[in-house]
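The values are calculated or read from the model by the stated rules, or taken from the named source; none is laboratory data. This structure is a prediction, so every number in the text was calculated from the model and none was measured. Here the Cβ is made from the backbone with ideal geometry for all residues, glycine too, and neighbour counts use every protein chain on show. Just the protein is used for accessible areas: all its heavy atoms, side chains included, with ligands, DNA and RNA removed. Shrake-Rupley method; radii C 1.70, N 1.55, O 1.52, S 1.80 Å.
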Amino acid sequence: MKLKNLLSTEENAKMRALIAQADQIVVVCHVHPDGDAIGSSLGWAEYLRQQGKQVTVIIPDMMPDFLQWLPNTEKIVRYDRRKDEADALIADADLIFGLDLNAFNRTELMAEAIGAARASKVIIDHHPNPDLSLDLVISHPLLSSTCELVFRVVWELGGFERMGKHFAVPVYCGIMTDTGAFAFNSSRAELFYIVAELLTKEIDKDKIYRNVYHNYSESRLRMMGYILNEKLEVDELKHVAFFALSKEEQKRFNFKKGDAEGIVNMPLQIKNLRLSISLREDTERENCIRVSLRSVDDFPCNKMSERYFNGGGHLNASGGKLECSLEEAIRIVRRAIQEIDQFL
């Protein structure tokens, strides 16, 4: 199999020129980074370092515990912990890459510093509706993940042969997590060709799976049981399930960032269920509710997220945020469920 080029001739030339002209490069990703955000940032940074560049990955806030083992995470700068240092790096950068975000405002805390920076700005992403005002935008929403896109860009730039495990491990991890361990958005032959190429770098895909999915605390497992037994509400008529988790409940189960990862997918194991929604009260902010949506087949949970939850995302995996109490958020979810027919 031969991978079709994603970059146009002009995009390829522009990317090469921007990298060649830059010495100091900053790579950033969205707030509350997940496996694809961290994996793509680390993978792309590794490629840039192989080009002889000084590269710093800056993330807005804490990454989940189950990603801390990835190679080069110790080099990551957290903006919320080291703001002055990060602001200086951003201000001095020649080139800023945004990975797994369609606009730099998705960095939230960092957006002002990035907006004021003199650097050229590039996005590499797979979310819809990218900011087209930047110096270069590599956007392919139909791909499985930004990590898949990073692989393909590196491949087309002729850099893959020089890459080792420090590239292959995070890129594989991001592809795996953004497809739910290849359970959704992963039916294209090209994706498994890419996986096969990553395996030539002698990565242990089984260990990567265990490090991500078998790396939780006992408290997280008990919280998952509590949610499924006590909190899950199922509307059999509308084929929807949802649950809501308060600050107090998170405290009861010693909640750490990442502990809620994947739980929203579990109700989809119910026969004929089309949509699962989770609400989680932000432990660090007042009146802030984090919303996650997952769906199957052609139900557009991204459209529901846009309409009701100030969010968006992909057809089958989306997120949003509500600035209200948990009780009000539950009322909004129930109204969205009752009005679900508009999306069918």
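Within the range 157-196, if we keep just the residues that are under 26 Å from Glu10 (Cβ atoms) and acidic (Asp, Glu), the residue that is surrounded by the most Cβ atoms within 10 Å (Cβ to Cβ) turns out to be Glu190.
Of the residues Leu42, Leu6, which single one is in contact (Cβ under 8 Å) with a residue 40 or more places away in the chain, surrounded by 16 or more Cβ atoms within 10 Å (Cβ to Cβ), within 27 Å of Glu190 (Cβ to Cβ) and under 15 Å from the mean Cα position of the chain (by Cα)? Quick ask: steps written out before the conclusion?
On the way: Leu6 fails: under 15 Å from the mean Cα position of the chain (by Cα).
Unique residue meeting the criteria: Leu42.
If you go through the range 116-128 and keep only what is surrounded by 12 or more Cβ atoms within 10 Å (Cβ to Cβ) and not aliphatic (A, V, I, L, M), you end up with Ser120, Lys121, Asp125, His126, His127, Pro128.
Inside the range 304-344, residues that are of a type in the set (A, V, I, L, M), closer than 12 Å to Ser276 by Cα and modelled with pLDDT under 95 make up a count of 1. Within the range 140-178, being among the basic types (Lys, Arg) and under 20 Å from Ile76 (Cβ atoms) holds for one residue alone: Lys165. Arg285 fails exactly one of the following numbered conditions: (1) farther than 30 Å from His140 by Cβ; (2) modelled with pLDDT of 95 or more. What is the number of that condition? Looking at each condition in turn, Arg285 falls short on (2). Cβ-Cβ distance below 8 Å, separation of 6 or more or different chains: which pairs start in the range 55-68 with a residue that is under 19 Å from Ala45 (Cβ atoms) and among the polar types (S, T, N, Q) and end on one that is part of a helix (DSSP H, G or I) and open to solvent by 20 Å² or more (accessible area, probe 1.4 Å)? Final answer for the pair search is Thr56/Lys75; Thr56/Leu89. Might you let me know whether the range 197-204 holds any residue that is part of a helix (DSSP H, G or I), surrounded by 15 or more Cβ atoms within 10 Å (Cβ to Cβ) and at pLDDT 95 or above? For the range 197-204, residues part of a helix (DSSP H, G or I), surrounded by 15 or more Cβ atoms within 10 Å (Cβ to Cβ) and at pLDDT 95 or above: present. Checking each residue in the range 212-227 for being under 14 Å from Gly262 (Cβ atoms), in contact (Cβ under 8 Å) with a residue 12 or more places away in the chain and not hydroxyl-bearing (Ser, Thr, Tyr) picks out Val212, Asn215, Arg220, Met223, Met224, Ile227. Would you check which residues across the range 262-281 are free of Cβ contacts under 8 Å to residues at least 24 places away in the same chain and either open to solvent by less than 20 Å² (accessible area, probe 1.4 Å) or outside any helix (DSSP H, G or I) (or both) and list them? Answer for the range 262-281, where residues must be free of Cβ contacts under 8 Å to residues at least 24 places away in the same chain and either open to solvent by less than 20 Å² (accessible area, probe 1.4 Å) or outside any helix (DSSP H, G or I) (or both): just Lys271. Of the residues examined, Ala196 is one that is over 20 Å from the mean Cα position of the chain (by Cα) and small (Gly, Ala, Ser).
Restricting to the range 18-31, name every residue that is of a type outside the set (Val, Ile, Thr) and crowded, with 20+ Cβ neighbours inside 10 Å. Steps first, answer last, please.
Here is the first cut: in the range 18-31, the ones of a type outside the set (Val, Ile, Thr) are 18, 20-24, 29-30.
Ala22, Cys29, His30, listed by residue number.
How about the range 68-87: which of its residues are of a type in the set (A, V, I, L, M, F, W, C) and either within 21 Å of Ser217 (Cα to Cα) or open to solvent by 80 Å² or more (accessible area, probe 1.4 Å) (or both)? Quick ask: steps written out before the conclusion?
Let us first name the residues in the range 68-87 that are of a type in the set (A, V, I, L, M, F, W, C), namely 69-70, 76-77, 86.
Answer for the range 68-87, where residues must be of a type in the set (A, V, I, L, M, F, W, C) and either within 21 Å of Ser217 (Cα to Cα) or open to solvent by 80 Å² or more (accessible area, probe 1.4 Å) (or both): Trp69, Leu70.
Among residues that are more than 25 Å from Asn316 (Cβ to Cβ), open to solvent by 30 Å² or more (accessible area, probe 1.4 Å) and without any contact (Cβ under 8 Å) to a residue 24 or more places away in the chain, Glu230 is included.
Between Leu293, Leu326, Leu344, the distinction of being among the aliphatic types (A, V, I, L, M) and open to solvent by 20 Å² or more (accessible area, probe 1.4 Å) belongs to Leu344 only.
Scanning the range 237-246 for residues being open to solvent by 40 Å² or more (accessible area, probe 1.4 Å) and either small (Gly, Ala, Ser) or touching a strand residue (DSSP E or B) at 6+ places or on another chain (Cβ under 8 Å) (or both) gives a total of 1. Here Lys256 clears all of (1) surrounded by fewer than 16 Cβ atoms within 10 Å (Cβ to Cβ); (2) of a type outside the set (A, V, I, L, M, F, W, C); (3) under 23 Å from Gly35 (Cβ atoms) except the condition numbered (1). The residue list Asp94, Asp65 contains one member that is on the phi < 0 side of the Ramachandran plot, crowded, with 17+ Cβ neighbours inside 10 Å and of a type outside the set (S, T, N, Q), which is Asp94.
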